[in-house]
Amino acid sequence: MAPLKLEVPFQPLRNTLYSSFELMDAFDPISPDSMADTLDFKSYRYFISNGAAATTDPYAGMMEALHDNSILRSMTVFLQQVARPAVAIMGGHGERRDTSNYANVVEIARRLTKAGYLVSSGGGPGAMEATHLGALLANAADREVGDALTLLKASPHLPESKNVVDKEGMVDMQIVRALHAWAKPAFELGKRYIDSGAESLAVPTWYYGHEPISPLASHVAKYFQNSIREDVLLSMAANGIIYTAGAAGTLQEVFQDAAQNYYPKPGEAFAPMVFFGEKFWTQKLPVMPVLEALFVGNNKLTAQEFKDLVVVVDTVDDAVAKLLVHNPTEQKTANRMKALGFGQMMKAAELNI
């Protein structure tokens with residue numbers, strides 16, 4: 001496949017967020033090559049062929065910046081219109097679809113959505129996909145959830161895909177076909193529940209565009225710049241984040257969230273941090289001593305406040321309960337976003353200008 005020409009495959013100025021199916025517009029379940037024709041993949045290819053995060057073409061950089069700003073505004077509008085408290089679930093992109101942890105994340109997201117909350121994630125595979133599956137099936141019967149997990153287990157793990165597009169924009173179609181096979185069962189599920197599934201918000205980035213979105217989120221705020229995406233995702237989740245097992249990316253989010261909690265602005269509440277998986281978070285990545293030293297050792301929280309707000313749990317029941325005990329409200333999200341500098345954009349969104 002020849003490199004892309006300079007035509008921009010995406011709309012730089014948007015008034016709405018994406019849907020999963022807009023990004024996967026050309027996906028055909030019976031055509032493995034169709035993955036490369038989707039808006040999602042073509043936008044990733046454009047991003048890579050123009051220097052990725054270090055854009056080599058000023059025009060491409062301008063188009064990507066315009067796009068990200070309009071997505072940020074559209075996300076602000078969406079959060080105000082949906083009028084539900086936003087919470088987030090973070091975890092590893094490598095979580096297989098056939099693990100107990102994947103199923104547990106599905107159930108956590110399902111319960112939070114049923115309780116009236118807007119569930120969000122980084123919008124990638126693994127634990128992030130499980131988040132949106134749980135939200136999508138919030139109103140489905142338990143049997144349907146089991147059937148969905150069985151369908152996804154047929155393609156349990158995302159294939160290695162870092163080299164699907166090289167720096168010149170050339171595409172490895174063998175990897176494309178492997179990605180198509182992985183995405184197909186989720187695509188079928190998304191289509192099945194497109195009218196009855198509950199809302200969720202995915203916040204992915206083309207910086208990791210070799211990992212395609214899973215078509216299970218109703219709304220997608222996809223950015224080119226990962227730094228913007230990370231900041232707005234954590235800011236939005238002012239009502240709390242549940243962290244499941246992950247690696248460097250998840251750990252980065254833990255401490256970026258900790259930094260936002262450490263330097264609160266007036267009117268900004270501490271966002272609860274719930275760590276799901278006692279063995280993982282106390283033995284493999286023992287974050288609690290560092291966080292306690294940070295918050296309690298520097299007199300940002302009392303020992304009791306830390307115990308209430310930063311917790312390790314080992315069951316789905318406890319994960320949900322420890323988040324909801326803090327009474328999430330949509331106002332907490334608005335307060336944090338205003339504190340972090342989104343006030344003018346929120347006002348413009350309210351006035352629809």
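Structure notes:
- Counted as qualifying within the range 219-304 are the helices (runs of 4 or more DSSP H) with 3 or more residues that are open to solvent by less than 20 Å² (accessible area, probe 1.4 Å) and not β-branched (Val, Ile, Thr), namely 226-236, 248-262.
- Residue check, His180 under 30 Å from Glu7 (Cα atoms) and modelled with pLDDT of 95 or more: yes
- Screening the range 148-177 for residues that are surrounded by fewer than 15 Cβ atoms within 10 Å (Cβ to Cβ) and acidic (Asp, Glu) and picking the one that is farthest from Tyr44 (Cα to Cα) gives Glu160.
- Those residues of the range 84-106 which are open to solvent by 10 Å² or more (accessible area, probe 1.4 Å) and farther than 11 Å from Thr244 by Cβ, in sequence order: Arg84, Pro85, His93, Gly94, Arg96, Asp98, Ser100, Ala103
- Flag if Ser196 is in contact with a His (Cβ under 6 Å, 6 or more places away or on another chain), assigned to a loop (DSSP other than H, G, I, E, B), of a type in the set (Ser, Thr, Tyr) and in contact (Cβ under 8 Å) with a residue 12 or more places away in the chain: no
- Restricting the range 130-144 to residues that are assigned to a helix (DSSP H, G or I) and either touching an Asp or Glu at 6+ places or on another chain (Cβ under 8 Å) or of a type in the set (S, T, N, Q) (or both), the residue that is farthest from Arg84 (Cα to Cα): Ala130
- Among the residues making up the range 109-123, a single one is under 20 Å from Val232 (Cβ atoms) and open to solvent by 10 Å² or more (accessible area, probe 1.4 Å): Tyr117.
- Matching residues, the range 199-210, being in a loop (DSSP other than H, G, I, E, B) and either aromatic (Phe, Trp, Tyr) or crowded, with 24+ Cβ neighbours inside 10 Å (or both): Ser200, Val203, Pro204, Gly209
- Some residue of the range 50-59 being at pLDDT below 95 and part of a helix (DSSP H, G or I): yes
- Residue count for the range 25-49, restricted to those that are part of a loop (DSSP other than H, G, I, E, B), polar (S, T, N, Q) and either surrounded by fewer than 21 Cβ atoms within 10 Å (Cβ to Cβ) or modelled with pLDDT under 95 (or both): 1
The values are calculated or read from the model by the stated rules, or taken from the named source; none is laboratory data. Values in this document were obtained by computation on a predicted structure and should not be read as measured data. All Cβ positions, even for glycine, are placed from backbone atoms using ideal geometry, and neighbour counts span all protein chains on display. The area values use the complete protein model at the heavy-atom level, side chains included, leaving out ligands, DNA and RNA. Shrake-Rupley method; radii C 1.70, N 1.55, O 1.52, S 1.80 Å.
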